[in-house]
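One structure is given here, and the rest of the page talks about it.
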Amino acid sequence: MKIFATTIALLLFYHSYSQWCITNVGPTTTVDSNVQSVVLVGSSGTINFVGCPGVVGVQDLTSLSTNLNAGSTYTISIQFGTCDGNYSGKGQAWIDYNSDGIFDPAESLGTWEGIPPTPLSTFTFTVPAGSQNGATRMRVTQQEGASSLPLSPCASFAWGSVMDFTINISNGIDCSGYPGDFTNDAIAVTSLPYTSSGDNSICYSNQNLVYNSPDLYYQLNPTPLMQSIHVSLCGSSFDTFLTVVDPQGNVLAFNDDSDNCGTSSELTFDPQGQGLVYVIVEGWGNETGAFDIAIDANYLGVDENETDNILIYPNPANDKVTLQGIVGQVSFTNVDGKVIKTIQNYSGQSISLVDFNPGVYILTFSIVGTNYSKKLIVR
Ligand SMILES: [Ca+2]
Ligand SMILES: [Ca+2]
Ligand SMILES: [Ca+2]
């Protein structure tokens, strides 16, 4: 029931539903105002489209494409006009340069307003040097009766056009070095505690549809000894949103704003019984930027309170560790529950850790007949 309830809660604050907003967008009728032509000569290839008759919704012209180079300047010629009667309207075009599925205001090529017939509109634009290589979309829209500019690329209205074309960008950013775009490419968290940093403002797309903001996917496999897992984005540069899901998409936990660190997100979830889980980092709304992520776990049977006179140093440890206040049998267990090392008669000597992989280990020992566990981190 908990999973069901949180899934419903998430559905309630979905804002829009797809990359490039292609559903419930555009004109609801085919008559009157319409884009009559679009010409864009690229570095190679040309888009040369003649409009009319009108099309309801987003007119999918993504089979038409041209190639643009990041850093170069081009001119697009658009005839805002009509397929029938002439009425006042406004027009605009965008290219999704960072390929995040959002036509951002900063990605506008130019605007038009008037009552057709008006002269051909020519927008000269420079493809930003930081654009993402590969295929992305250009949208050209004309909206009859629109009250103000800029237009929304995702608006639904009665008369006009919304046309999508394909733009292939070269000489920009190669995103092959930016893993984590989706589950098939998730960043593997192989040991806890884990700290890293990321940035969703380039090379990531909107896959987790809670918000339009592009997301980064991390994956981890909780082990049976993990009692709870804590994920923190505290210290991030923008308003973050955090979700944990299982491979079926069931939401295990989510958080918008932490009690501890403002608009950054933070959560704790119960990994018991879970296999693979995905931790998804995105922004609130369209927000993007740099973030810090920290993931740590609490372990079953680790009592940190009742053994104050026990000292494990250094902790985290590198190649050796010393246990103060412990004599007798000591065992080291990894987070999979496997005993890695047992010392029968420990008496304060330095213990070599050269055979230990980096990670979390549980030390178990007994004092006057009571068993205790303590956590040791090997770096
Ligand atoms: Ca964009
Ligand atoms: Ca998202
Ligand atoms: Ca937030």
Take the Cβ-Cβ distance between Ile343 and Asp174 as r, set R0 to 51 Å, and report the resulting FRET efficiency rounded to the nearest 0.05.
0.50
Tell me the net charge near Ala146. Cut-off is 14 Å between Cβ atoms, Ala146 excluded, with +1 for each Lys or Arg and -1 for each Asp or Glu.
-2
Need one number: nm distance between label points at Ser366 and Ser44, each 7 Å from Cα along Cα→Cβ, rounded to one decimal.
7.6
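Given R₀ = 45 Å, FRET efficiency for Ala106-Asn315 by Cβ-Cβ distance, to 0.05?
Working: r = 48 Å, r/R0 = 1.06.
Rounded to the nearest 0.05, the efficiency is 0.40.
Given the rule -39500 (n - 2.57) for each run of at least 4 DSSP H residues, summed and divided by the residues of the chain, what is its mean residue ellipticity at 222 nm, to the nearest 500 deg cm²/dmol?
Mean residue ellipticity, 222 nm, calculated: -1000 deg cm²/dmol.
Extension gain Asp355-Tyr87, at 0.36 nm per residue separation less the Cα-Cα distance, in nm?
88.7 nm
I'd like the FRET efficiency for Thr118 and Ser152, computed as 1/(1 + (r/R0)^6) with the beta carbon distance as r and R0 of 30 Å, rounded to 0.05.
Details: r = 22 Å, r/R0 = 0.72.
Calculated value: 0.90.
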Here the residues of the stretch 61-93 lying in the modelled label zone of Val31, meaning backbone nitrogen under 11 Å from a point 7 Å along Cα-to-Cβ, are 84-85
Please give the peptides 248-255, 214-221, 290-297 ranked by average Cβ packing (other Cβ atoms within 10 Å per residue), highest first, as a rough proxy for protection.
214-221, 290-297, 248-255
Formal net charge of residues neighbouring Thr333 (Cβ-Cβ distance under 13 Å; K, R +1; D, E -1)
+3
Taking a ≥ b ≥ c as the square roots of the Cα gyration tensor eigenvalues, with a/c under 1.5 meaning rounded and otherwise prolate when a/b beats b/c or oblate if not, the chain comes out prolate
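Each reported figure results from applying straightforward, stated rules to the coordinates on display, with no laboratory input. Since the structure is predicted, the reported quantities are computational estimates derived from the model, not experimental observations. Cβ coordinates were reconstructed from backbone atoms using ideal geometry, including for glycine residues, and neighbour counts include every protein chain displayed.
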